[in-house]
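Comments concern the structure below.
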Amino acid sequence: MLEKTYDPQSLERHWYELSENQGLFACNPDASSNPYTIMMPPPNVTGSLHMGHALTFTLQDVLIRYHRMCGRDALWQPGMDHAGIATQMVVERQLAEQGISRRDLGREAFVEKVWEWKEQSGGTILHQQKHIGASADWQRSRFTMDEGLSEAVKKVFVRLYKDGLIYRDKRLINWDPKLLTAISDLEVEQREVKGHMWQLHYPVEGSSEVITVATTRPETMFGDMAVAVHPDDERYRHLVGQNVCLPIVGRVIPIIADSYSDMEKGTGAVKITPAHDFNDFEVGRRHGLELLNIFDQHAAMNENVPADYEGLERFDARRKLLAALGECGALGDTEDTVHAVPHGDRSGVPVEPWLMDQWYVNAAELAKPAIAAVRDGHTRFVPQRWEKTYFEWMENIQPWCISRQLWWGHRIPVWYGPDGTVFVEETKEAASAAAKTHYGRDVTLDQDEDVLDTWFSSALWPFSTLGWPGRTKELNRYYPGDVLVTGFDIIFFWVARMMMMGMYFMDGKVPFRDVYIHALVRDEFGQKMSKSKGNVLDPLDLTAKYGADALRFTLVAMAAQGRDLKLSETRIESYRNFATKLWNAARFLEMNGCISDKGAPPPIPETLHEPVNLWILSELNTTIRKISTAIESYRFNEAADAIYHFVWDRYCDWYIEFIKPVLKDSAECRHVAAYVLAQLLKLMHPFMPFITEELNAKLFGSDALLITAQWPVASHQADDNTNLHIVTDIVSEIRMIRAEMNVPLKALPILQIAGADARIQAVITAMQPSVCRLARLSDIVFSDSDFEKGTARSSLHRFEIGLPLAGILDFAVEKARLEKEIKASEAEASKLAAKLGNEGFLAKAPPAVVAENKRRLEQENTRIDTLGSALKRVIAEM
RNA sequence: GGAGCGUUAGCUCAGCGGGAGAGCACCACGUUGACAUCGUGGGGGUCACAAGUUCAAUCCUUGUACGCUCCACCA
C-alpha cells in the first residue's frame, strides 16, 4: 500500500543507484540501434553547481532519457573542465589564507595542490549532478587535463603550428595586472566607471601655441609618441609636421595627421600612446612610431618614466602627475564623465593593453568552414536567431590569444634552443630530436613556461572525449553529436571554437547537428544569480525541500525557447503538488484493485463498452503525440504543459471521477485506468524519473525499469467519437448553477433534459451514474414537457436542461444569472454575425473556417432563444 | 555607435493570422473514503502605442515609446 504522500528523499537515491548500478546509463558501442549523442558541457571544477547547471543538465537528461526510451543507443558524455584561471584563483586564494603564495610553493608543488583540490571539488559536482537525476555515462567521464585529452591538445597544437595556423606574435594583448597573465578579448568585460576627462596642454615647439588633448588616463602621457589630428582639420593643419614637448617629461614628439582622429570628439587632437592602446598601436604602426612601455607587470610605472614616478602604482602615478601638471599650468578643464573601462572578467581589475610575445590561433582561417557549415545547414541553431549572433562574431573574428601566464593548464608544447630557435613537437623527446637535427648536436632545451587557454582544450571536447586522435570505434559511432545544449553566454567561448576545431580535425564534419540555446536562470526579480548578490538558489537545497522531480519539472516547464528564466519557489511548489497528485491518483487505483501483477496490456478499442474509456485513450494518444513532437523540436515547456494537463485535468479531474461509481463492477474500467496510468508514467519518466520508477515498481510489480521502457506510441485506432464533451459540459453547467444558487450538497435534484436527440440521449444514458454523482443528481429524465415552477434552466449544444429547485431557487439570482449568460451570448453572436455578413470573408476565408463560424453562430442563437424564454418564465414566476 | 530581444490577467510567463491561456495570488463554497501538497465555481486583460498589409491582426510589416542583453568604444 502506498503511503499517503510521496517522500522523495527516501526514494530518489534508491532508484538512481539501482539504474546506475545496472549499467543503464551506459552507451553500447556494439549495439545495432542508432546512436544518440549529447556532449555534456563540462562544468568547471571550481566549486559547486548552480541553477544554470541544474537547468542545462535537466534538459539534456530529458532528451537522453526520451531517446533512450525510443530505442536509441544513448551516449551522454560527461566530464569536467580544468578551468585554468578560475581554478588557479580558487587555490591561490585558499593558500593566501594560510599566508602562502604560489611562488612560495613553486610550480610543481602548486600544481600538485590544484590536483588535490580538483579531486575534492569534482566529487562535489558529481554528487550534485547525480542528485538531480542526470543519467550520464559516468564510466566514460573525462577531465580536460587527463592523459588522453592532453594528448589531443598537444596533437592539435603541433598540427596547427605546422599548418601555419598557430604562430607566435608580438602585439598588444590584454594584460591582467592582478592575475599576471594575458587574457583573450572574450575574457575582457567593459564596465561603466565614473571618471574624469582631463585636458592637457602640450606646448608646440618653437612657438607660443599649445595643442590641447583630452584624456581619461593622463598617466599614459609618459608613453605618448605623437599627437594626432585629422588631415582635414583646419584648426590644426598648420601644426602638422611640427613637434610638441611633453610637460614634466620634456620629451619631444611629432604632430601627425591621421584619420583615426575624430574632429568631433574632445578637442580634435588626440594623444597617441602606441604601447598601451589598441587604436594608438595601429596609428603608431602606420606612422612608424616607437613603442614605449611604461608599466611593469603589476601595472606600476617602470623605469621608462621620470625617476620620481618609477614604482608608483598606476592610479597613484595619475594623482601625482595631475598635481604636477596643475602646477606647471599644463592642465586644462576637467569634466566628470562616465566611460567604459575594460576589466578582467575573473580578476575584476582594469586590464592594461601591453606589448608582449604570445601564441595565437589564426581564427579567421579556421572560422571559414565553421561559418559555411552553419550557413549550409549542417549545424542548426535552435532558436534559429542565434545563428546571427554566431555569424556576426565569426565573420569579425580576431586572432585568438591562447597563451596564459599561469601554472594550471596544458603546458604549451614548445621548446626553445639556446639561440631561441623554436621547436614545436608533441613530446620533449621529439623536440630534442628535432633540435639535434637542427644544431647537429645535443642541446639543452627549455620548454615554454606558459599554458594554454582553457577553451583550447574545451574546443576539442566533442572528439577528444571519444578517443581522438585514436581512430576509435566510439569516435566513429558517436561523432558528430546530435545536439549541443547550452546557454548563449558561451556561444563565442565554446560553441564557435568547437565548430572550428571539429571542422578542421574531423575531416570537415561538424561536431553536432543541432545547437539548442536555452534561457539563463535568474532569480524571481530577474537578477542574474550570483554569490555576491546572495540570491543564489542551490539546486541541492531545492531538491531537499521539494524533491528532484519537482525541481526538474519546474525547469522544464519554464524553459521556453530563448528567454530569461525567472525561478521562483512557488512554481516549484506547484509542481511538487503535481507529483503528489500523480501519487494519489496511483494510490486510488491501488485501493480499488485496478492494478494487477501482470501489468496492463493495451486495451483493444473495439472491445470497449464505456465511452469514457475510449475517450481517455484518445486523450492519451493526443498527449503522446504532443509530447513526442515537443521534445523533438526542443519545446520543452510544451511537453511539460501537455503531460501536466493530461494528468491533472483529464485523467484525475474527469476520468477518475467518471469511473468512480462503476469501478467496482467494471473490469474494463479497472483495466483501462491501469493501462493509462502505466503509459503516463512512461511519458512522465524523462521529466520525473524518480516518482515514476517508484510507482511503476510498486503498482505494476515489474522488475524492468522505466528508464529502459519503450516510449509509448500513439495508436491509430483510438480516435474519440464518444462526444464526451457533451457530458462534461452538462456537469460543469450544473455545478455552476449550484454554486451560484448556493444549492446545498445534500440536495439531489432530478435533471430534466428537453430537446435531446437519440444520439445525445445515448451518450448521456451510458454515463448516467457518473453524471449523477459528479453533478449530484438523483436521476436524469428526458422529457420535452415543460419544466415545473422554480426550475433553473440552461441551454447546451442543441438541448435544454432544467434543474428543479423549488424552495431553493432564488428568482432574483436566477434572473441575473440568465441575463448575464444571454448578454455574453449576444455579444458573441453579434461578432459572429458581423463576420458572416462580410462578403470578403465568405469569399476568401477557408470553407472550414466559414462553416465553423456558422455553427457557432447557430449555437449562440439557440442559446439566446432558450435562455430568453427561460428568463421570461422566471420573471413570470417571480 | 552596431546588433538583437522584450512589452499579453495583480505577479511570473506561454501562445501567435480565424473562438484571449497557464501557474501563483485573489473571492465564494466545500473534508462526499485517492489527494486540503485538495475539490467545485467565480472575478480579473481595448494582448504598449500608431499606421499599413489582409476577408480577418495579440500574431505579419513599418514607425514610436519604454525596458533588457550582446558587441564595439579608456580623446
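Structure above, values below:
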{"item": "Normalised contact order of the stretch A:222-342, rounded percent, pairs of Cα under 8 Å and 6 or more residues apart", "result": "22 percent"}
{"item": "Proximal lysine pairs, the stretch A:728-859, alpha carbons under 27 Å, eight or more residues apart or interchain", "result": "18"}
{"item": "Residues whose placed amide H lies under 5 Å from that of A:A226, excluding near-sequence neighbours", "result": "A:I272"}
{"item": "Whole-Hz couplings from phi, Karplus 6.51/-1.76/1.60, listed for the stretch A:42-49; x for Gly and Pro", "result": "x, x, 5, 7, 10, x, 9, 7"}
{"item": "Of the GluC sites (Glu not before Pro) in the stretch A:304-373, those whose Cβ has at most 16 other Cβ within 10 Å and which sit in DSSP loop", "result": "A:E310"}
{"item": "Difference of contour (0.36 nm per residue) and Cα-Cα distance, A:E282 to A:L24", "result": "87.0 nm"}
{"item": "For chain A: accessible area per residue (Å², 1.4 Å)", "result": "43 Å²"}
{"item": "Euclidean distance of C-alpha centroids, the stretch A:836-856 and the stretch A:587-666, integer Å", "result": "36 Å"}
{"item": "Surface share of carbon and sulfur [accessible, 1.4 angstrom probe, percent] for chain A", "result": "49 percent"}
{"item": "Expected-Rg normalisation [2.2 N^0.38 Å, Cα atoms] applied to chain A", "result": "1.28"}
{"item": "Relative packing of A:53-61, A:582-590, A:604-612, A:138-146, which averages over residues the other C-beta atoms within 10 Å, highest first", "result": "A:53-61, A:582-590, A:138-146, A:604-612"}
{"item": "Mean separation of Cα contacts under 8 Å (6+ apart) over length of the stretch A:545-692, as relative contact order %", "result": "38 percent"}
{"item": "Whole-number D in µm² s⁻¹ for the stretch A:362-421, Kirkwood Cα-pair radius fed into Stokes-Einstein, 10 °C, 1.306 mPa s", "result": "110 µm²/s"}
{"item": "The stretch A:733-806 versus the stretch A:151-201: alpha-carbon centroid distance in Å", "result": "78 Å"}
{"item": "Pairwise centroid distance, computed over Cα atoms, of the stretch A:249-276 with the stretch A:74-150, Å", "result": "48 Å"}
{"item": "Helix A:569-591 axis, angle to chain A major axis (alpha carbon atoms, nearest 10°)", "result": "40 degrees"}
{"item": "0 to 90° range, to nearest 10: angle between helix A:724-741 axis and chain A longest Cα axis", "result": "90 degrees"}
{"item": "For chain A, size of Cβ-based charge dipole, Lys and Arg +1, Asp and Glu -1, in debye", "result": "2140 debye"}
{"item": "Cut-off 12 Å between beta-carbons: net charge of the residues surrounding A:M394, Lys and Arg +1, Asp and Glu -1", "result": "0"}
{"item": "Under 5 Å, built H, 5+ apart or other chain: amide partners of A:T791", "result": "A:L805"}
{"item": "Length released on extending from A:A806 to A:D784, taking residue separation times 0.36 nm less the Cα-Cα span", "result": "6.0 nm"}
{"item": "Whole-Hz ³J(HN,Hα) from phi, Karplus 6.51 cos²θ - 1.76 cosθ + 1.60, for the stretch A:253-260, glycine and proline x", "result": "10, x, 9, 10, 9, 8, 6, 4"}
{"item": "Highest average packing first - A:744-752, A:95-103, Cβ atoms within 10 Å", "result": "A:744-752, A:95-103"}
{"item": "Per-peptide average of other Cβ atoms within 10 Å, ordering A:645-658, A:220-233 highest first", "result": "A:220-233, A:645-658"}
{"item": "In degrees, nearest ten, helix A:51-69 long axis to first principal axis of chain A (Cα)", "result": "60 degrees"}
{"item": "Placed amide H near A:A136: partners under 5 Å, 5+ positions off or other chain", "result": "none"}
{"item": "Estimated vicinal HN-Hα couplings, Hz - the stretch A:486-494 in sequence order (Karplus 6.51, -1.76, 1.60; Gly, Pro = x)", "result": "7, x, 5, 5, 10, 4, 6, 4, 10"}
{"item": "Relative contact order for chain A, counting Cα pairs under 8 Å that sit 6 or more residues apart, in percent", "result": "12 percent"}
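The values are calculated or read from the model by the stated rules, or taken from the named source; none is laboratory data. It should be emphasised that the depicted structure is a prediction, and the values quoted were computed from it without experimental measurement. Ideal geometry is used to build each Cβ from the backbone, glycine not excepted, and the neighbour counts take in all protein chains shown. For the accessible areas, the whole protein counts, side chains as well, though only heavy atoms, and no ligand, DNA or RNA atoms are used. Shrake-Rupley method; radii C 1.70, N 1.55, O 1.52, S 1.80 Å.
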